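Trainee: This is the structure I have questions about; it appears just below.
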Amino acid sequence: MFWKVFLGIWMSLVIIASFLYAPPALGLGEVSRIIYYHVPLAWVAVLAYMVSMINAIKYLRTSSIEYDYRTSFNAEVGTIFALLATVTGAIFANATWGTYWNWDPRQTSIFVLLLIYGSYFALRSAIDDREQKARLSSVYAIIAFITVPFLVFIIPRIYASLHPDPIVNIEGRLQMDARMLQVFISSLAGFTGIYFWIYNLQNRIINLKGKIKGRL
Amino acid sequence: MVTRFLSWTRQAGALLNKDFKAEFRTKYALNSFLMFAVTTLVIVSFAVGPYYLDPVMHASFIWIIIFFSAMAGLARAFIKEQERGTVYALKLSTTPEIIYLGKFCFNLLLLLLVLLVIIPFYFFFLSPSVGNPLLLVVVLLLGSLGLTGTTTILSAIVSKANVKGNLLPVLAFPVLLPLLITSINGTRLALEGYTFGEASSELRVLSSFFVIMTTVSLLLFNYVWED
Amino acid sequence: MLLIELQKITKDYNGHIIFSDICETLREGSCLVITGPNGSGKTTLLKILAGLIRPASGKFTISVDGTLLADENRKDYLGFVSPDLYLYEELTALENLEFFVKVRGLAESEEYCLKLLKKVQLDKWGGSLVGTYSTGMKQRLKFAYALLHQPLLLLLDEPGANLDEEGQALVQEIISQQKETGAVILSTNDPAEVARYGDQVLKLDEAGRCFIK
């Protein structure tokens, strides 16, 4: 209850601050405010996929079914966030580069991630037996995820990136205005909080389901 | 260690031998595999007609043909065992690793056999110019290795699903994307006549893809194979 | 001394219990018969014992002279005959046996396979494709497949199905020979077979309970 209210207030403040408090980025204009949503969404998508992958490995080691619930649930959350990140990214791309889609390395990676999990769900719905569904889809999630680092290496060699690295880059120093940075970090924290809140809710649902089954 | 390795090779070899004997009596996979490849090739050839293609287009077409015919042909290895009910007999006779190795070798030889037919045909119909033939052969070989290593475990997964129809290409495409992009790029370099040194990063990616996917498959195959 | 123990074996299908808490102990020289109506889970239980299906809970152990056999080596000690198990129809009987000998990593020769074929009275048809066999002949070949590696424990699912009188005699002979060096677990619906082979009888009912006679 506390977390729900706290996150609600926190995110409201982040939304207000992103429009009123933070200045627009130099050269990108007002549309740059979308990074306070786009980047955290992409981050949560990757986080959820990672947690999904870890649960897939855990399932194979223990074969206890709740890890499989967590794998598939995190894959669903990751897919929703990845879709939102793709859409916000495409809007941003259209406003700055004049095109919604151009096979930029990051666009390609998230597209492949969506494809992987699309196939993952297709596989799950093709198998009836509960245990087999869990085992085979976990194996597939691991195999598919392993190939992602290859993409990170290969794609930049073929397609040049248009991503606004000067503003958001990892290795170099952050070239953000102090106020931009504050809002950016708060938004990242807020979205991460939302993810963990959803994760916690889902865990409670999984536990309750287990208890109901145990009683029947 | 050495004796264990030898016994593994002998056991996997027995499986390979069995599959080939059965394949050449029934032509269960080979006919459809080959016809699928030839059909795709002829469609490409018709569509292109008299136009001149640059090396990028040639490389893409070659790999599109290879990818889709491999999806049609390589799915059979496990589905056949599942459908004919011979899975149990096999499962009770040997370890998952040997099954994977045997089926991998069978799929690889099948794919290379098809390539041996289809690549000359491609040159006959579309006559691309090749700058570095040896590099082309190496890229095709390394690409086939990675393609087969991945498809083998995925087709084992597909054989357990209730709906087997079109699942393999759906599952394989995102996993094989890095391999396909690199193979297309490598093939382009070979057609344009680049040297091995200039294509070294493509070759490295292809060989590490193969090694990583085969290792992971061997580790995970146990989970796919048991019921 | 061979000792086989089933410890509280339970199996469900998507939450629906097939059977639960099956316990039984079997010693060398004994034959356990599993019986019960259709759908009581006889075949499922045999597949669990063969290691083809995982139980929801419970354990199945084989020990020789007090040492437990590791699960991954279990297939070397088990022979399995079942209506769900098929051999390669596009190979001949002899090729089938030779393939399974090689893939098991055994060093046996062609003569050994011929001897096995003779034992199941198929030596005359050893060179013809299994696809041309009758159901009864295929059933005989499955016995040769199951005995190939001289298993300690023979699992037989409906062994007498599709066999003529001569074939029934063969089953009886195989079971009594197996009891000299190991143990047998077989499932059947036929009361005559239960009486003939059952040193120990395990009766499953539809609700998944089991009774030991």
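Bear in mind these aren't lab numbers, they're just calculated from the coordinates by the rules spelled out. Not measured: the values here are computed from a predicted model. A quick note on method: Cβ atoms are made from the backbone with ideal geometry, for glycine too, and the neighbour counts reach across all protein chains shown.
Trainee: Exceeding 19 Å between C-alpha atoms, which entries from my cross-link table qualify? They are B:LYS103/C:LYS115; C:LYS102/C:LYS142; B:LYS103/C:LYS47; C:LYS42/C:LYS118.
Mentor: B:LYS103/C:LYS115; B:LYS103/C:LYS47; C:LYS42/C:LYS118
Trainee: Expressed as a rounded percentage, what relative contact order does chain C have, with Cα pairs under 8 Å and six or more residues apart?
Mentor: Computed over chain C, the figure is 33 percent.
Trainee: Return the percentage of antiparallel bridges among DSSP beta bridges fully within the protein assembly as shown, rounded to the nearest 5 %.
Mentor: About 55 percent, rounded to the nearest 5.
Trainee: Please state the relative contact order of chain A as a whole percent: Cα pairs under 8 Å, 6+ residues apart?
Mentor: Worked out over chain A, it gives 30 percent.
Trainee: When only alpha-carbon atoms are used, what values of Rg and Dmax, in angstrom, describe the range C:1-63?
Mentor: 11.8, 38
Trainee: Same structure, new question: Which FRET efficiency value, to the nearest 0.05, do you get for C:ASP199 and C:SER134 by plugging their Cβ-Cβ distance into 1/(1 + (r/R0)^6) with R0 = 30 Å?
Mentor: After rounding to 0.05, the efficiency reads 0.40.
Trainee: Tell me which residues come under 5 Å, amide H to amide H, from C:ASP12 once H is placed; ignore anything under 5 positions away on its chain.
Mentor: For C:ASP12, the qualifying residues are C:ILE18, C:ALA56.
Trainee: Calculate for the protein assembly as shown the 222 nm mean residue ellipticity that helices alone would give, adding -39,500 (n - 2.57) per DSSP H run of length 4 or more and normalising by residue count, nearest 500 deg cm²/dmol.
Mentor: Dividing the helical sum by the residues of the protein assembly as shown leaves -22000 deg cm²/dmol.
Trainee: Related question: Below 11 angstrom from the Cβ of C:MET137, what's the summed charge of the other residues (Lys, Arg +1; Asp, Glu -1)?
Mentor: +3
Trainee: Could you compute the net charge surrounding C:VAL64? Neighbours are other residues with a C-beta less than 14 Å from the C-beta of C:VAL64; K and R count +1, D and E count -1.
Mentor: -2
Trainee: Taking the Cα-to-Cβ direction at C:LYS8 and at A:LEU181 and moving 7 Å from each Cα, how far apart do the two end points lie in nm?
Mentor: Between C:LYS8 and A:LEU181, the simple spin-label model gives 5.9 nm.
Trainee: On to the next question. P(r) tail for the range B:2-225, what percent of Cα pairs lie past 26 Å?
Mentor: Tail fraction, whole percent: 37.
Trainee: Calculate the FRET efficiency for A:ILE57 and B:TYR52 from the Cβ-Cβ distance with a Förster distance of 56 Å, rounded to the nearest 0.05.
Mentor: Taking R0 as 56 Å, the efficiency between A:ILE57 and B:TYR52 is 0.65.
Trainee: Hey, fewest Cβ within 10 Å first, where do B:PHE209, B:PHE221, C:PHE60 land in order?
Mentor: C:PHE60, B:PHE221, B:PHE209
Trainee: Follow-up question, since we're still on this one. Rank B:PHE104, B:PHE124, B:SER144 by how far each Cα sits towards the positive end of the charge dipole of the range B:2-225 (+1 on Lys, Arg Cβ; -1 on Asp, Glu Cβ) and give me just the farthest.
Mentor: So the residue furthest toward the plus end is B:PHE104.
Trainee: Residue separation times 0.36 nm, minus the C-alpha to C-alpha distance between B:LEU218 and B:PHE196: what's the value?
Mentor: 4.9 nm is the gain from fully extending B:LEU218 to B:PHE196.
Trainee: If you take each beta carbon of peptide B:80-90 and count the beta carbons of other chains within 10 angstrom, what is the mean?
Mentor: 5
Trainee: So if R0 is 30 Å, what FRET efficiency would B:SER127 and A:TYR100 give, r being the distance between their Cβ atoms, rounded to the nearest 0.05?
Mentor: 0.20
Trainee: Limiting things to C-alpha atoms, what are the Rg and the maximum Cα-Cα separation (Dmax) for chain C, in angstroms?
Mentor: Values for chain C (Cα only, Rg and Dmax): 17.1, 49 Å.
Trainee: Among C:THR67, B:THR86, what is the fewest-to-most ranking by other Cβ atoms within 10 Å?
Mentor: C:THR67, B:THR86
Trainee: While we're here: Normalised by the number of residues in chain B, what is the relative contact order in percent for Cα pairs under 8 Å and 6+ residues apart?
Mentor: Here the relative contact order equals 28 percent.
Trainee: Scanning chain B for helices, which whole DSSP H stretches are 30 Å or more long along the axis (Cα) and average 0.5 or more by Kyte-Doolittle?
Mentor: B:96-126, B:133-160, B:167-192, B:200-225
Trainee: Apply the Kirkwood formula to the range C:70-128: the hydrodynamic radius equals the inverse of the mean of 1/r over all pairs of different alpha-carbon atoms; give it in Å with one decimal.
Mentor: 12.7 Å
Trainee: In straight Cα distance, which lysines are under 26 Å from A:LYS209, not counting same-chain residues fewer than 8 positions off?
Mentor: Partners within reach: A:LYS4, A:LYS58, A:LYS133, C:LYS8, C:LYS11.
Trainee: When ranked by the protection proxy of mean other Cβ atoms within 10 Å per residue, highest first, what sequence do the peptides A:97-105, B:65-73, A:1-9 form?
Mentor: B:65-73, A:97-105, A:1-9
Trainee: Next up: Using a 7 Å offset from Cα along Cα-Cβ at B:LEU134, what residues in the range B:193-212 end up with backbone N under 19 Å from the label point?
Mentor: Label zone hits: B:193-204, B:207.
Trainee: What is the average number of partner chain Cβ atoms found within 10 Å of a Cβ in B:165-171?
Mentor: Per residue, the average neighbour count from other chains is 3.
Trainee: 7 Å from Cα along Cα→Cβ at both C:GLU111 and A:MET11: what's the point-to-point distance in nm?
Mentor: The answer from the label model is 8.0 nm.
Trainee: Kindly express, to the nearest 10 degrees and within the range 0 to 90, the angle between helix C:110-119's C-alpha long axis and the longest C-alpha principal axis of chain C.
Mentor: Computed tilt is about 60 degrees.
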